[in-house]
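Quick notes on the structure that follows.
The values are calculated or read from the model by the stated rules, or taken from the named source; none is laboratory data. What you are looking at is a predicted structure, and each value in this text was computed from that prediction instead of being measured. Here Cβ is always computed from backbone atoms with ideal geometry, including for glycine, and neighbour counts include all displayed protein chains. Calculation scope for accessible area: heavy atoms of the full protein, side chains included, ligands and nucleic acids excluded. Shrake-Rupley method; radii C 1.70, N 1.55, O 1.52, S 1.80 Å.
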Amino acid sequence: MITRTFQDLKLSGLGLGCMRLPLLEGSDTKPDVDQVQKMVDLAIQKGINYFDTAWGYHEGASEIVIGQALKRHERSTFYLADKFPGYDLNNMAKVEEIFEEQLKKCQVDYFDFYLFHNVCEKNIDAYLDPQYHIYEYLMEQKKKGRIRHLGFSCHGDFPVLKRFLEAYGDSMEFCQLQLNYLDWEFQNAKEKCALLHEYGIPVWVMEPLRGGKLAQIDSEFEASLGQKDPVEWAFRFTQSIPEVTMVLSGMSNMSQLQENIRIWESDEPLTSTEMDTLLATARKMTAKTGVPCTTCHYCTSHCPQQLDIPRLISLYNEFCYSGGGFIAPMVIGTLPKEQGPGACIRCRSCEKVCPQQIKISEVFQDFVKRLG
């Protein structure tokens with residue numbers, strides 16, 4: 001198993017994400033305890049020493065089940081990560097209550113890694129609001145040794161990430177990002193990595209396979225990648241990004257775990273030619289369902305509604321490629337109505353100056369329809 005250095009620790013390059021654990025037959029939320037324990041045993045045996053859970057995974061069951069599985073191993077053989085569930089604004093005033101309950105559920109006295117969970121457009125104001133004392137409380141737990149390393153995960157766009165870093169960046173030790181070869185450009189992961197590099201903050205990767213979408217890609221795209229397995233291409237991409245320290249993969253069965261372990265037995269960053277090929281393939285994949293906006297911003301100065309048209313198109317493309325997903329609806333839900341796609345009055349002034357000749361008014365009309 002490849003290892004990476006983080007401060008004075010040796011972390012496995014691959015971490016076991018606990019959001020997609022094997023489930024009991026007929027259940028959507030109840031993990032199969034026996035299978036989880038076998039997977040954890042094999043993971044530790046093969047060198048995986050990082051396990052990532054969260055309050056909301058499997059409707060609260062993930063923390064309990066992974067805690068039970070890890071309890072059977074020496075505490076010094078693994079690193080456990082958990083998160084404060086700020087994705088739900090109702091939790092903001094409950095940081096102490098939730099943290100104490102998480103320790104009990106996981107059957108540990110401390111967390112090796114702890115995160116502000118899912119910093120995004122929806123919750124950035126609350127995360128930064130001093131009335132909730134979230135930052136102060138977590139820093140206090142760190143001083144007490146109940147949190148060894150403090151960081152955050154982020155699904156928000158670049159401005160949200162920048163704002164969070166301006167407030168708390170000096171205290172953050174790592175950042176968990178949705179990063180894969182598709183989102184390197186599609187979700188501005190490249191720019192986000194560069195910003196984190198400026199702060200000296202290493203990257204933890206989530207969604208390296210984009211929820212499994214990059215494990216089984218269309219044959220027309222797979223052919224352009226040659227003989228290598230799509231999963232291997234995706235992981236080798238993450239091995240090629242200098243800022244990346246940890247790559248998390250949510251594995252749902254033993255065969256996925258075994259395949260991932262095999263790939264992570266060797267460190268094989270992409271060559272420059274392979275990187276170019278992979279990113280070109282990613283552009284074709286997103287273009288197939290999306291709109292070819294180049295973010296030139298010619299349109300924005302011609303919009304009487306002052307809409308951020310490139311951003312809305314970017315969210316439309318994300319929605320279309322993901323089949324809905326949660327990122328685009330989440331962001332749209334935070335926008336005032338006068339800034340959303342429904343505010344378009346179909347005057348088509350923007351379309352007259354669009355170099356790509358995008359029918360922007362029709363795109364926004366379709367977006368509103370898809371959002372319901």
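General observations
- Contact annotation: residue pairs with Cβ atoms under 8 Å, 6 or more positions apart or on different chains, pairing a residue in the stretch 91-107 that is farther than 18 Å from P130 by Cα with a partner that is of a type in the set (G, A, S) and assigned to a helix (DSSP H, G or I), are K105/G60; K105/G67; C106/G67; Q107/G67.
- Any chance Y132 is more than 30 Å from P230 (Cβ to Cβ), among the aromatic types (F, W, Y) and out of contact with any strand residue (DSSP E or B) (no Cβ under 7 Å at 6 or more places or on another chain): yes
- Flag if L70 is aliphatic (A, V, I, L, M), under 19 Å from the mean Cα position of the chain (by Cα) and crowded, with 21+ Cβ neighbours inside 10 Å: no
- Neighbours by Cβ (under 6 Å, 6+ apart or cross-chain): first from the stretch 7-26, in the same structural domain as I201 (by the TED database); second among the basic types (K, R) and part of a loop (DSSP other than H, G, I, E, B): L24/K30
- Residues of the stretch 140-154 satisfying the condition of being open to solvent by less than 30 Å² (accessible area, probe 1.4 Å) and either within 16 Å of the chain's Cα centre (by Cα) or not small (G, A, S) (or both): Q141, I147, H149, L150, G151, F152, S153, C154
- Checked against the criterion of being crowded, with 18+ Cβ neighbours inside 10 Å and over 20 Å from D112 (Cα atoms), the stretch 4-17 contains not a single residue that satisfies it.
Okay, residues lined up against (1) under 26 Å from Q178 (Cβ atoms); (2) assigned to a helix (DSSP H, G or I):
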| residue | (1), (2) |
| --- | --- |
| H297 | yes, no |
| Q305 | no, no |
| R311 | yes, yes |
| L315 | yes, yes |
| E318 | yes, yes |
| E338 | no, yes |
| Q357 | no, no |
| S361 | no, yes |
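- Out of E207, E173, E185, E243, sole residue that is in contact with a strand residue (DSSP E or B) (Cβ under 8 Å, 6 or more places away or on another chain), within 23 Å of S314 (Cα to Cα) and acidic (D, E): E207
- Some residue of the stretch 181-196 being buried (at least 16 other Cβ atoms within 10 Å of the Cβ), out of contact with any Phe, Trp or Tyr (no Cβ under 7 Å at 6 or more places or on another chain), more than 19 Å from D276 (Cα to Cα) and touching a residue at least 40 places away in the same chain (Cβ under 8 Å): yes
- Evaluating E166 against the criteria (1) without any contact (Cβ under 8 Å) to a residue 60 or more places away in the chain; (2) charged (D, E, K, R); (3) within 30 Å of G290 (Cα to Cα) leaves one unmet condition, (3).
- In the stretch 33-59, the residues that are within 22 Å of the chain's Cα centre (by Cα) and open to solvent by 10 Å² or more (accessible area, probe 1.4 Å): N49, W55, G56, Y57, H58, E59
- Pair list, Cβ < 6 Å and 6+ apart or interchain, from the stretch 324-350 residues that are open to solvent by 40 Å² or more (accessible area, probe 1.4 Å) to residues that are part of a loop (DSSP other than H, G, I, E, B): T334/E121; T334/K122
- Considering the stretch 1-18, and only residues there that are aliphatic (A, V, I, L, M) and part of a loop (DSSP other than H, G, I, E, B), the residue that is farthest from T238 (Cα to Cα) turns out to be M1.
- Residue in the stretch 130-143 that is under 30 Å from T271 (Cβ atoms) and of a type in the set (A, V, I, L, M, F, W, C) present: no
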